Amino acid sequence: KAGDEKEVMAKLNSWYTLLAAGDIDALEMSPHTRFNLNGGLLSDANFKGQLKAWLATSGVKINIQGHHGDVKVYGDAAVYTGYESVTITPPKGEETRRETNRLTVVFAKQKGDWKGVHVHVSSLTPVNPE
């Protein structure tokens, strides 16, 4: 169980590292459902494709730092909960955007590998997860 918790946390930390590097192609993301910050309805996410297109057209850089992350394993399912400090830097000197989010990711173990199957992101107020 402790090994599974570490694997799930490592998967999440890998996502953050790859996002900061802009290496969207290397993100290991399975098809999943998603509640985004915009308050919209549940979507079947093509998050990787949407993110790649947005980064290519906008030129922004994203840096996400996780805080107070916790993983609970329930057999072949795991739930990650934590907070994210997000910094979005535009390419041409426009004002940097900062936000703090609450994050829940549900993982399922498929063929020995943990895959994110549902993501829920919402804004944290007040902004102070540290």
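The values are calculated or read from the model by the stated rules, or taken from the named source; none is laboratory data. The structure displayed is predicted, hence computed values, not measured ones. Please note: Cβ atoms are built from the backbone with ideal geometry, for glycine as well, and neighbour counts cover all protein chains shown. Accessible surface areas use protein heavy atoms only, side chains included; no ligands, DNA or RNA. Shrake-Rupley method; radii C 1.70, N 1.55, O 1.52, S 1.80 Å.
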So for R0 = 41 Å, FRET eff. of residue 108-residue 88 from the Cβ-Cβ r, to 0.05, ends up at 0.90
Would you calculate the separation in nanometres between label points at residue 58 and residue 120, each defined as 7 Å from the Cα along the Cα-to-beta-carbon direction? 2.4
Can you pull the one-decimal nm distance between simple spin-label points at residue 44 and residue 97, each 7 Å off the Cα toward Cβ? 2.7
Region 23-88 - percent of accessible surface contributed by carbon and sulfur, probe 1.4 Å: 54
Using alpha-carbon pairs under 8 Å, 6+ residues apart, how would you state the relative contact order of the chain in percent? 24
So if I take the centroid of the Cα atoms in region 83-107 and the same for region 1-23, what is the distance between those two points in Å? 17
For region 48-62, take each phi angle, set θ = phi - 60°, evaluate the Karplus expression 6.51 cos²θ - 1.76 cosθ + 1.60, and give the result in whole Hz per residue in order, putting x for glycine and proline. 4, x, 5, 5, 4, 5, 5, 5, 5, 8, 8, x, 6, 10, 10
Whole number in Å², please: accessible area per residue of the chain, 1.4 Å probe, ligands, DNA and RNA not counted. 60
